[in-house]
Structure formats: C-alpha cells, structure tokens
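The values are calculated or read from the model by the stated rules, or taken from the named source; none is laboratory data. These numbers were taken from a predicted model, which means no experiment stands behind them. FYI the Cβ positions are ideal-geometry reconstructions off the backbone, even for glycines, and counts take in every protein chain you see. The accessibility values were calculated without ligands, DNA or RNA, using every heavy atom of the protein model including side chains. Shrake-Rupley method; radii C 1.70, N 1.55, O 1.52, S 1.80 Å.
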Amino acid sequence: MEEKRLKENRQLREKLDKLLNEARRNEQTQSSFDDFSLSVVAAQGPKELFRLLLHDQKKFRIDDIRLCLVDRYHEVERLLTESYQHRYKGLSFIDTETGKLLISDIPDRPVLGSRILTKYDWLIDVKDTSRYKSAALLPLKRGEEVIGIQLLLSESPERYNHSDGTTFLHRLAAMIAISIENCINRQRTLELGYQDGLTSAYNRRYFDERLRHEIDRCVRNKTDLVCLFIDVDFFKKINDTYGHQVGDAVL
C-alpha cells in the first residue's frame, strides 16, 4: 500500500512539474510576443517593419513567411519599396484588377491546415510547395477592407491544424494590419515633403534622392540612364502680365 502511494505521489509530482514547465514556456512565449508586438507597432519605416514581419517573426517556430499586400491604387508597392534598393524575400503585391478573385477569396478570420498550401499556392514558390506540411493564413483587415494576407508556413504537419485556437492569430493579424496601415500613411506623409504643393510634381529634394538610387540601379543592371529636362520658355511674362494666380493656373 505504501509503495502504491509513493508511486502515485511521484506521478502527481511529475504531472505538476510538467504543467509548471508548460506554464513557464507559455509565459516566456507571451512575453516574447508582447515585445515583438511593441516592436512592430513602433517600427520606423518599411525596412524595419518588413524585417520584423518576414524575418524576426520566425523565432516563434515558423519555418517561412509570405506577406502579400493589396495595392488598390497602384501606390502601396511604390510607397513601401521605392526607397530601398533590394526586394524583400516573401513580400508580394496584388492589385484589385488582376487579383480581384484572389482578394474576394480571403477569409474573415485566420484559417489553419494543410489545405491552405494548395488553395493559396500562388503565394508559395513552386519548388517549395512540397516542403511545407501545414500553414496558417492570417487575413489583414482594417474595418471591412482587406489590405493583405500573411501566410505562416511550417514543415511540420502538427504545427498548424484545425484543432488549434485562432484567437491568438486573430489578434496577431489585427496588430500587423494596423502596423502596415500606419507605415503606409507615414510614407504618404513623408512623400508630401517631396512634392510641390501646387502641381504635386516632385521637387529638387526628391530628384536628388531618386537620382542616387537610379544610378545605383543602372550600375547593378548595366543599363543606361537618361534624364530629360523640360523648361517653360518665357513663363515669367505670364506672371508679370496676368498675375501669379493665372500663372498658377497655367502650371
């Protein structure tokens, strides 16, 4: 009887230790996620944001990540990538014209399972399709508008399955969507400093910045660079004769 009691006590202690260790791991994971969330929200510019979302996020046992953003007005890709010389691995864009069916097929809440790999194979390189065994699809929404999707890929069939809760992933998707929208709006604001308030034409500051990137791009691709200067002859006469308001209208 005593031996049986000792065995039961040992089993209870082992079970308790297992629960305590699991609780500690969950606490550490939650702490890491909180730090990650703060970093994403505080990201200064696209370069830092995409590094967090496409690289640093992998520390949460994610083998690979795909991020696809909806470019409704053909400006998002330019705003988020034009300032940098390299492309972000795993990042892509779709517009509302060619990607209408793909966008309409995006669910309202996160979806898990292996079937995602087939249904959304357009986000995964063909050569990598057989490598992954399960995935989590995170719809990125602001209000009722879909601004993109994120695909979390795993080589383990058990990593993302239908029995997993999606509440955590839903919060993650909301946080990422807010951060991306903030980043886009910030880039729009910065761009205003590069434009003339009257004509919306880019100013000298923008020209100097773009010229440097274009020269670097031509050097990399071994292509020519052509620069066209356009001048309006005798424009001063219009201002002098008809006034600056008419001159602004002409511009």
* Asked: How many residues are part of a helix (DSSP H, G or I) and open to solvent by less than 100 Å² (accessible area, probe 1.4 Å) when one looks only at the range 241-251?
  -> 6
* Would you mention how many residues in the range 85-119 are under 21 Å from ARG159 (Cβ atoms) and part of a strand (DSSP E or B)? => 3
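Taking the condition modelled with pLDDT under 90 and either touching a helix residue (DSSP H, G or I) at 6+ places or on another chain (Cβ under 6 Å) or among the hydrophobic types (A, V, I, L, M, F, W, C) (or both), does ALA177 pass?
Numbers: modelled with pLDDT under 90: no; either touching a helix residue (DSSP H, G or I) at 6+ places or on another chain (Cβ under 6 Å) or among the hydrophobic types (A, V, I, L, M, F, W, C) (or both): yes.
Judged against the criteria, ALA177 is not a match.
Answer yes or no as to whether LEU69 is in contact with a Gly (Cβ under 6 Å, 6 or more places away or on another chain) and farther than 22 Å from ASN161 by Cα. Don't jump to the end; show me each part of the working.
Numbers: in contact with a Gly (Cβ under 6 Å, 6 or more places away or on another chain): yes; farther than 22 Å from ASN161 by Cα: yes.
Taking the combined requirement at face value, the residue satisfies it.
Residue-wise test of (1) open to solvent by less than 70 Å² (accessible area, probe 1.4 Å); (2) aromatic (Phe, Trp, Tyr); (3) farther than 20 Å from ARG186 by Cα.
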position	(1), (2), (3)
LEU53	yes, no, no
ASP64	yes, no, yes
VAL70	yes, no, no
ARG78	no, no, no
LYS89	no, no, yes
* To do: Being under 19 Å from LEU198 (Cα atoms) and assigned to a helix (DSSP H, G or I) is the filter; apply it to the range 210-236 and report the residue that is nearest to the chain's Cα centre (by Cα).
  => PHE235
* Restricting the first residue to the range 92-112 and requiring it to be without any contact (Cβ under 8 Å) to a residue 24 or more places away in the chain, which pairs with a second residue that is open to solvent by 60 Å² or more (accessible area, probe 1.4 Å) meet a Cβ separation below 9 Å and a spacing of at least six or different chains? -> LEU102/TRP122; ASP105/LYS119
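What number of residues within the range 37-47 are out of contact with any Cys (no Cβ under 8 Å at 6 or more places or on another chain), within 11 Å of TYR88 (Cα to Cα) and open to solvent by less than 70 Å² (accessible area, probe 1.4 Å)?
Filtering the range 37-47 for residues out of contact with any Cys (no Cβ under 8 Å at 6 or more places or on another chain) gives 37-42, 44, 47.
From the residues that got through so far, the ones that are within 11 Å of TYR88 (Cα to Cα) too are 47.
If we keep only those that are open to solvent by less than 70 Å² (accessible area, probe 1.4 Å) as well, we get none.
Number satisfying all stated conditions: 0.
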* Asked: Has the range 139-156 got at least one residue that is open to solvent by less than 20 Å² (accessible area, probe 1.4 Å), outside any loop (DSSP other than H, G, I, E, B) and touching a Gly at 6+ places or on another chain (Cβ under 6 Å)?
  -> yes
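Every residue, every condition in (1) in contact with a Lys or Arg (Cβ under 6 Å, 6 or more places away or on another chain); (2) open to solvent by 70 Å² or more (accessible area, probe 1.4 Å); (3) among the basic types (Lys, Arg), yes or no:
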| position | (1), (2), (3) |
| --- | --- |
| TYR160 | no, no, no |
| LEU172 | no, no, no |
| MET175 | no, no, no |
| ILE180 | no, no, no |
| ARG188 | no, yes, yes |
| GLY193 | no, no, no |
| GLY197 | no, yes, no |
| GLU214 | no, no, no |
* Asked: For the range 55-74, which residues satisfy the criterion of being assigned to a loop (DSSP other than H, G, I, E, B), in contact (Cβ under 8 Å) with a residue 12 or more places away in the chain and within 28 Å of LYS100 (Cα to Cα)?
  -> ASP71, ARG72, HIS74
